[in-house]
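Structure record follows, encoded as C-alpha cells.
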Amino acid sequence: MHIAKRVAAGFAAMSLLASSPVTANPRLREAEMIRKLDIMLMVTGLRCRTTADNFQPDYGRFTTNHIATLNAASNTLKADYPRRFGPVGANRALDKLSVQMANEYGQGHPWLNCKQLKQVTRSLAEMRGAAPLVAAADELLDRGPRQLAWLPR
C-alpha cells in the first residue's frame, strides 16, 4: 500500500477511535475499561511515586494479582482492533488509547489524590476476577467525583 494511503488509514482509525463511543459489545467494552484502568493506575502511580503516598508497590501487587485478566483484556483488543481499524490502523489505535489515557492522567486524577489512589489500588489488588475491575473502572474513570462504596474506609 502506498505510504499516503497507510497514513490516511491510520488517521482515519485514530479519528474513529476518538469520536466513537466505547463499543457496544460488552466483551470489548470490558476489555477497554480494564486496559484504561490499568493505564490510569500506572500513570498516576508514576506521578505519586515521589510523595508520601507512593503506591508503586500496591500497583505491582495489582498487576501481579490480575496479570491474567490484564493480558486477556489486552489480547481481546489486539484481536479486535485489526477488524475495526484495519491492519495499519490497529496498532495506531492501540497506541492512541494508551497515549490518550497517559495524557489525561499525567497531571493526576481529576478527583482522587495520591492517598486515595493508594487506597484504591490496594483494594483493587485484593479483588478477584474481571467483573470487579470493570465496575471499579466505570467509577474511577468517570470525570466527576463519586463515593466509592467498595473502598474500605
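The values are calculated or read from the model by the stated rules, or taken from the named source; none is laboratory data. Worth saying up front: this structure is predicted, and the values here are computed from it rather than measured. When we count neighbours, we look across all protein chains shown, and the Cβ atoms used for this are built from the backbone with ideal geometry, even at glycine. For the accessible areas, the whole protein counts, side chains as well, though only heavy atoms, and no ligand, DNA or RNA atoms are used. Shrake-Rupley method; radii C 1.70, N 1.55, O 1.52, S 1.80 Å.
What to note about this one:
- Efficiency of FRET from Cβ geometry, Glu139 and Thr51, R₀ 25 Å, rounded to 0.05: 0.65
- Residues Leu46, Leu70 ordered from highest to lowest accessible area at a 1.4 Å probe: Leu46, Leu70.
- Computed from phi, the 3J(HN,Hα) profile of region 104-111 under the Karplus parametrisation 6.51, -1.76, 1.60 (θ = phi - 60°) reads 5, 10, x, 9, x, 6, x, 9 Hz, with x in place of Gly and Pro.
- Extended-chain gain in nm, criterion 0.36 nm per residue less alpha-carbon gap, Trp111 and Ile67: 13.2 nm
- Calculated from backbone phi, Karplus (6.51, -1.76, 1.60) coupling profile of region 86-97 in Hz, x at Gly/Pro: x, x, 7, x, 4, 5, 5, 5, 5, 4, 4, 4
- In terms of its C-alpha gyration tensor, region 74-138 has an oblate overall shape, because the principal axis ratio a/c (a ≥ b ≥ c, square roots of the eigenvalues) is not below 1.5 and a/b does not outweigh b/c.
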